[in-house]
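Q: I have a structure I would like to understand better, so I am pasting it below and will then ask my questions one at a time.
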Amino acid sequence: MEADQIAELRTMYVFGPAEGETWGLTFDALERKLRDRNPDEFVRVEEPGEGPLDRSTTMYFGITLADEDLEGMAKRDSEGVAITDCTAPLAAEFALWLRESIVPQGAAVTFNTEWGLEEDLPDSVVPDSTQEGLIALFVTHLEETGGLD
């Protein structure tokens, strides 16, 4: 499979602070930044449920990237933000927005994907880069998951 084809594959991208660090993520701040982009974005916060996997409050949200409506989620416990059903170019655009709007200046950003998590790949640092550089990073990560054959 060629790199441009891999870049268009869809999976969930998960972004968070480096291990042992925090962004001080709050749902209010995230909602405010999302609504600055688009006042009509949907935002919903769900309190923890009774099940063993429902231990923390989760914020679900919509975000429009490259004229495409995507869905994401954020957690304060196990701090991070994820974007679902996403291509590498859209994930790169989202990562750049996160760094500019959510992540404190100088704080590290890590990422993984649903496929990477399934293969027990460690989180990787998102470098300061262009969108094209991030796309290449994400494509390499998808190749490393080993599930493209």
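Q: Of the numbered conditions (1) out of contact with any Ser or Thr (no Cβ under 7 Å at 6 or more places or on another chain); (2) among the basic types (Lys, Arg); (3) buried (at least 16 other Cβ atoms within 10 Å of the Cβ), LYS75 fails exactly one; give the number of that condition.
A: Exception for LYS75: condition (1).
Q: Quickly run through segment 22-46 and pick out the residues that are touching an Asp or Glu at 6+ places or on another chain (Cβ under 9 Å) and either over 13 Å from PHE61 (Cβ atoms) or of a type in the set (Lys, Arg) (or both).
A: THR22, TRP23, GLY24, ARG35 - these are the residues of segment 22-46 that are touching an Asp or Glu at 6+ places or on another chain (Cβ under 9 Å) and either over 13 Å from PHE61 (Cβ atoms) or of a type in the set (Lys, Arg) (or both).
Q: Please give the number of the condition GLY62 fails out of (1) over 21 Å from PRO122 (Cα atoms); (2) open to solvent by 10 Å² or more (accessible area, probe 1.4 Å).
A: Condition (2) is where GLY62 drops out.
Q: Are there any pairs, at least 6 apart or on different chains, whose C-beta atoms fall under 9 Å, with the first in segment 78-89 and over 20 Å from LEU9 (Cα atoms) and the second of a type in the set (S, T, N, Q), and if so, which?
A: That search, which allows pairs on different chains as well, returns SER78/SER56; GLU79/THR22; GLY80/THR110.
Q: Please work out if GLU132 is open to solvent by 50 Å² or more (accessible area, probe 1.4 Å), at negative phi, touching a Phe, Trp or Tyr at 6+ places or on another chain (Cβ under 8 Å) and charged (D, E, K, R).
A: Taking the combined requirement at face value, the residue does not satisfy it.
Q: Could you pull out the residue among GLU19, GLU2, GLU50 that is of a type in the set (Asp, Glu), closer than 20 Å to GLY116 by Cβ and at pLDDT below 95?
A: GLU19
The values are calculated or read from the model by the stated rules, or taken from the named source; none is laboratory data. Just so it is clear, the structure is predicted and the values come from calculations on it, not from any experiment. As a convention, Cβ positions derive from the backbone with ideal geometry for all residues, glycine included, and neighbour counts pool all protein chains shown. Accessible surface is based on the protein model in full, side chains and every heavy atom, while ligands, DNA and RNA are left aside. Shrake-Rupley method; radii C 1.70, N 1.55, O 1.52, S 1.80 Å.
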